[in-house]
1. For the chain, report the % of Cα-Cα distances exceeding 26 Å.
2. If the viscosity is 1.567 mPa s and the temperature 4 °C, what Stokes-Einstein diffusion coefficient in µm²/s follows for the stretch 33-98 when Rh is the Kirkwood radius over Cα pairs?
3. For the stretch 163-288, what is the largest minus smallest coordinate of the Cα atoms on each principal axis, given in angstrom and ordered from greatest to least?
4. Remind me, what semi-axes does the stretch 286-426 give for its equivalent ellipsoid, largest first in whole Å, using sqrt of 5 times each Cα gyration tensor eigenvalue?
5. Using 1/(1 + (r/R0)^6) with R0 = 45 angstrom and r between the beta carbons of residue 422 and residue 271, what's the FRET efficiency to the nearest 0.05?
6. Could you work out how much longer the chain between residue 170 and residue 314 gets when fully extended? Use 0.36 nm per residue separation minus the Cα distance between them, nm to one decimal.
7. Kindly provide the Kirkwood hydrodynamic radius of the stretch 122-183 in Å, to one decimal, from all pairs of distinct alpha carbon atoms.
8. If each residue's Cβ is checked for other Cβ atoms within 10 Å, how do 159, 139, 372, 346 rank with the fewest at the top?
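Rule-based calculations on the coordinates, nothing more; no lab input. Since we're looking at a predicted model, the values are computed, not measured. Neighbour counts are summed over all protein chains in view; Cβ atoms, including those assigned to glycine, are modelled from backbone coordinates with ideal geometry.
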Ligand code: GLU
């Protein structure tokens, strides 16, 4: 890990390695910020990572061996923070990239935390609750030694949820011999969770979109919107986008496909259909469309809320949306960023746009530390203040440096992390 990897510049962008993307994005910011060589090199790599092998008893009596990771990218500004993903395609490089983005995410909203991420290679859709519980506890038995409210604090991410956080905090508390609820966030309310954590990622993104509408002079009431992904972030974006801004959501999708209705899709009805059938597809009265087609729909607002690398140089020229609300982590490749910027599309970049989740996670840690809990209204108010300030800091940086919003967000975040690294005397 000591040598610097160069990202190959090719004419056609192949499916990008997310960690190389994260490094390439940092490189661009480092150049503009004129970071010195050692500081730049330090920020290109995780400070620590742990690879674990997890034997889990399956329901059929067999034992299956799973592999997992925890990456602590940078803790100059505070304990590392970031979710744990359960995904069949998880790799150490996706986890490294996500941990890097967490570092910039916590810095851009100016909360006193560093960045980390975890992952287990598994397919939770094919596992029973009992198997998931045993896997989650096995992960904590291995990774618990590097976690803790003052060291590294996980949270939910793709295919993990409050129940999984509950098993994890329980396992950790047994290892320690006392309850330490603040070692993980996104917990159920009964175990020290925070009011307002459930929809916080989408809510933060919707607050950013509201602010973008103001600075761009775009009326968002009735604005046609397409949402890719219908997990926690995407489904709450449908609900809150409609409730708070009056968006007209005409298309949504999940991993099985998408649905479209030019008259708009009702959140409650789509959610009821998904709960019943397990997917949004075949929603009555809607046309079927693919995930790829959804990204190219003629809508005003596009909300990628699923996985990384969905907008590349191949499809970015076909995107018609005026505003992109990136609730997913890493949905847009560097080449696509430039194409969208040149086309005048306003991208609210991932680690700003989806920072609402970790912001309320931070509020959860604060509440756990004081053992005193806030009303939901106060959480919303404090989240709004954080997101609004971060949005305008990034918007201002983009104007000042004449760069796209992602690079502007990097300028704001990296300079904060760099300052902490320098003050601590690391470089
Ligand atoms: N997994 C979420 C993210 O990517 C939340 C992280 C957290 O709350 O720590 O931002």
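1. In whole percent, the share of Cα-Cα pairs in the chain beyond 26 Å is 53.
2. 91 µm²/s
3. 56, 39, 19
4. 30, 21, 13
5. 0.40
6. 47.3 nm
7. Hydrodynamic radius (Kirkwood, Cα only) of the stretch 122-183 equals 11.9 Å.
8. With the fewest neighbours first, 159, 139, 372, 346 line up as 372, 159, 346, 139.
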